[in-house]
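Every read-out reported here was derived from the displayed coordinates using simple, explicitly stated rules and does not represent laboratory data. Note that the structure is predicted; figures quoted are calculated from it, not measured. Glycine also receives a Cβ, built like all others from the backbone with ideal geometry; neighbour counts cover every protein chain displayed.
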Amino acid sequence: MSAGCGSLLWGGGNGELMWRYIPPFAAPAKVQMAVDSWLWQRSDRPCLRFYTWSPPAISLGYRQGQIPEQWQHLHWQGQPVELVRRPTGGRAVLHQGDLTYSLVVWGLGQRRRQVYADLCQFLKGGFERLGWPLQLGEGGYGANAPINCFAQATVADLVLPTGEKVIGSAQAWRGDRVLQHGSIVLTPDPNLWQEVFGSVPHRQSLPPLAVVQEALLEAFEAQWQVSLTPEPLSDREWQEIKRILN
């Protein structure tokens with residue numbers, strides 16, 4: 001862990017980290033991004049959550065530029081494929097057949113590469129429990145980076161020893177307060193992937209979503225020395241999140 005992380009995260013007197021775990025739910029793209037943005041700006045405790053996207057969506061990096069015009073008219077299984085802008089950087093991510101994780105935390109210092117390594121540790125640990133060793137990628141996006149996030153791995157991403165990218169992550173910062181979220185590609189539809197990116201994902205047979213989520217929760221609890229109890233968003237919190245949507 002980065003030096004200094006304990007000062008803001010350790011609970012008073014009980015020796016445990018004060019993480020909040022928000023149970024998973026499926027929702028449209030704008031709702032999921034509004035929840036992440038609200039937690040990043042307003043949460044009074046570090047948070048972990050997992051979620052899925054319904055209907056499917058393409059999320060764009062905060063500074064990502066022009067996109068293909070055809071993305072405005074995509075459909076999958078009778079549903080429109082939504083477009084949404086993330087508060088974080090990076091390239092386009094197709095959210096169908098994936099599991100998204102989200103972390104909001106502070107007090108880890110300002111060395112962003114080290115924070116990526118710290119926050120990705122539970123992802124590595126969870127997949128190791130399932131027999132899938134992952135490692136951080138290398139390098140960064142250049143001027144001619146592909147539009148597809150999963151076409152290239154960076155130091156923010158996790159790959160198999162073969163180089164296949166399994167988890168793509170991105171961050172946004174306010175002072176020392178960081179939002180990190182990322183997509184774990186499990187069962188992508190090759191036809192939709194082809195339609196969006198003009199290529200078919202090279203995908204090995206990864207474990208089911210529920211199995212992956214449970215392994216990641218166990219690894220997270222072990223890393224941060226916590227026992228997580230689901231704490232859904234309250235009615236008051238939902239009202240504040242809805243104001244972001246409006």
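Worth pointing out:
- Selection among 215, 238, 199 by position relative to the dipole of region 199-246 gives 199 as farthest towards the positive end (Cβ unit charges, Cα centre).
- Each of residue 110 and residue 244 was given a label point 7 Å from its Cα along the Cα-to-Cβ line. The distance between the two points is 2.5 nm.
- Note on residue 73 and residue 203: with the Förster distance fixed at 25 Å, the Cβ-Cβ geometry gives a FRET efficiency of about 0.45.
- Residue order for 242, 124, 30, fewest other beta carbons within 10 angstrom first, comes to 242, 30, 124.
- For region 86-209, the relative contact order works out to 33 percent when only alpha carbon pairs closer than 8 Å and six or more residues apart are counted.
- For the chain, a simple Cβ point-charge model (Lys and Arg +1, Asp and Glu -1, everything else neutral) yields a dipole of about 640 debye relative to the Cα centre.
- Whichever lysines have a C-alpha closer than 16 Å to that of residue 124, once near sequence neighbours (fewer than 8 apart) are set aside: 165
- Rounded to the nearest whole Hz, the Karplus-based 3J(HN,Hα) values (6.51 cos²θ - 1.76 cosθ + 1.60, θ = phi - 60°) of region 160-175 follow the sequence 6, x, 6, x, 5, 7, 9, 10, x, 10, 8, 10, 9, 10, 9, x, with x at glycine and proline.
- Exposure proxy for 200, 84, 212: other Cβ atoms within 10 Å of each Cβ, ordered fewest to most, give 200, 84, 212.
- Structure-derived Rg and Dmax of the Cα atoms in Å - corresponding label in [x] 21.4, 65; [y] 17.4, 56; [z] 30.4, 121: [y]
- 3J(HN,Hα) from dihedral phi, region 54-59, Karplus parametrisation 6.51/-1.76/1.60, rounded to Hz, x for glycine, proline: 9, x, x, 8, 10, 9
- Projecting label points 7 angstrom from Cα along Cα→Cβ for residue 44 and residue 129 puts them 3.0 nm apart.
- Look at where the Cα atoms of region 20-91 and of region 111-129 average out, and the two centres are 21 Å apart.
- Put in line by how crowded their Cβ is, counting other Cβ atoms within 10 Å and starting with the fewest, 101, 116 read 116, 101.
- 5 angstrom amide H check on residue 20, placed H, neighbours 5+ away: 47, 48
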